[in-house]
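Have a look at the structure below, then the notes.
The values are calculated or read from the model by the stated rules, or taken from the named source; none is laboratory data. All values reported here derive from a predicted model rather than from experimental measurement. Here the Cβ is made from the backbone with ideal geometry for all residues, glycine too, and neighbour counts use every protein chain on show. When the accessible area is computed, the model is the full protein with side chains, heavy atoms only, and any ligands, DNA or RNA have been set aside. Shrake-Rupley method; radii C 1.70, N 1.55, O 1.52, S 1.80 Å.
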Amino acid sequence: MDWANLGFGYIKTPYRYVSEYKNGKWDGGILTGDDKIVISECAGVLQYAQTVFEGLKAYTAKDGRIVTFRPDLNAERMIESAKRLEIPEFPKERFLEAVDKVVAANKSFVPPYGSGASLYLRPFIFGSSAVIGVKPAKEYQFRIFATPVGPYFKSGIKPITLRVSDFDRAAPRGTGHVKAGLNYAMSLRAIVDAHENGFDENLYLDPTTRTFVEETGGANFIFVTKDGKIVTPKSDSILPSITRRSLCFAAEKYLGLTVEQRPVKLSEIENFAECGLCGTAAVISPVGKINDHGREILFPSGMNEMGEITKKLYETLTAIQTGEIQAPEGWIREIR
Ligand SMILES: *Cc1c(COP(=O)(O)O)cnc(C)c1O
């Protein structure tokens, strides 16, 4: 494998985990080599998008152990997502076991320490039985597959440009806070349009007043004030990023910074010194510029490098993940 030049695409690996839900319970689950799924043309997932997912990575730590980062939080978040879509919960302990099994079975696809690459894991649950009247399916599949992905920042870390979107990603009291494919289906028009207009991502506003910053299509915001405080938006329609929660913890406990989680007005972001997007894929992607209908907000950190504090945060969390510095209790799960 040419780890350094891998992109973020699907590469089939030998094993995936499958558990089926029938007659009101999950079966024991198996590892299988079969990457194909046969379901009814009328399956709940196909007709009414009844599906939720997760995303996490397995990688090699500095000491050579193969590990995952806080998979318990993925398991818990998937339970919350499932509840919102009337999908039966997949128990946390079983989720963790399934993650361990898929990684162990595909061990040769876990990139070495220092490569910047990782084995991306995609747990998902979908309604597999036929439903034509609108109601929850009776049968489901829980699956996890693994695909190796390359380093996020291949040619160095380069700040990106966002634009304030005229679309909303979440409805008030809708599904913005859960990880459901439906949130992504309806963001596709917006992201293609952003790309066509030369922007990397959309900044979505709160769907009720359209005056507060929410998140992008797939990452939460972290801002740094001019006096070095961390500010991250609070809203009921933001997806609770595990990376963002971990970064805020590290900012307080490892770097001694003040962290404020509060509503953030679009009109105040021009006063911030730095801006970053956080998610599993990149940890933090620096944002250099935000375009609000022609008005350009250029962060003082500029378009060439990560802001100073953003960089410290990035380095601290990646060092915690790889075991270069001591992780908080329970953050690193070893695959045996
Ligand atoms: C998955 C996701 C994130 C990032 O969450 P992580 O747990 O940090 O990977 C942020 N926003 C949305 C909408 C997401 O789906």
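Listed values, structure above:
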{"read-out": "Per-residue HN-Hα couplings for region 87-95 [Karplus 6.51, -1.76, 1.60; θ = phi - 60°; Hz; x = Gly/Pro]", "value": "9, x, 5, 9, x, 4, 4, 6, 4"}
{"read-out": "Region 265-318-region 1-61 distance, computed between alpha-carbon centres (Å)", "value": "33"}
{"read-out": "Trypsin sites (Lys or Arg not before Pro) restricted to DSSP loop in region 1-56 with at most 15 other C-beta within 10 Å", "value": "Lys12, Lys36"}
{"read-out": "Equivalent ellipsoid dimensions for the chain as semi-axes, Å, which come from the Cα gyration tensor, largest first", "value": "32, 25, 18"}
{"read-out": "Whole-percent pair-distance distribution, where bins are 10 Å wide, for the alpha carbons of region 59-116", "value": "22, 40, 26, 11, 0"}
{"read-out": "Nearby lysines by direct alpha-carbon distance to Lys25 (threshold 16 angstrom, same-chain neighbours under 8 apart not counted)", "value": "Lys83, Lys92, Lys138"}
{"read-out": "Relative contact order (%) - the chain, alpha-carbon pairs under 8 angstrom, separation at least six", "value": "19"}
{"read-out": "Candidate lysines for bridging to Lys312, where Cα separation is under 16 Å - those fewer than 8 sequence places away on the same chain excluded", "value": "Lys158, Lys226, Lys229, Lys253"}
{"read-out": "Space enclosed by the convex hull of the alpha-carbon atoms of region 129-205, per residue, Å³", "value": "171"}
{"read-out": "Residues of the chain: accessible area per residue with a 1.4 Å probe, Å²", "value": "46"}
{"read-out": "Region 195-336: relative contact order as a whole-number percent, Cα under 8 Å and 6+ apart", "value": "20"}
{"read-out": "For Leu203, residues with placed amide H under 5 Å, excluding near neighbours", "value": "Arg163, Val164, Ser165"}
{"read-out": "Estimated vicinal HN-Hα couplings, Hz - region 176-188 in sequence order (Karplus 6.51, -1.76, 1.60; Gly, Pro = x)", "value": "x, 8, 10, 8, 10, x, 4, 5, 7, 4, 7, 9, 5"}
{"read-out": "Among beta bridges that DSSP assigns inside the chain, antiparallel share in %, nearest 5", "value": "85"}
{"read-out": "Sum of side-chain charges, Leu317 neighbourhood, beta-carbon under 12 Å (Lys, Arg +1; Asp, Glu -1)", "value": "+4"}
{"read-out": "Cα-based helix-to-principal-axis angle, 308-322 vs the chain, degrees rounded to 10", "value": "30"}
{"read-out": "Residue-averaged 222 nm ellipticity for the chain, from DSSP H runs of 4+ at -39500 (n - 2.57), nearest 500", "value": "-6500 deg cm²/dmol"}
{"read-out": "Once exposed loop GluC sites (Glu not before Pro) are cut out (DSSP; at most 10 other Cβ, 10 Å), longest piece of the chain", "value": "42-328"}
{"read-out": "Cα principal axis extents for region 35-140, largest first, Å", "value": "54, 27, 20"}
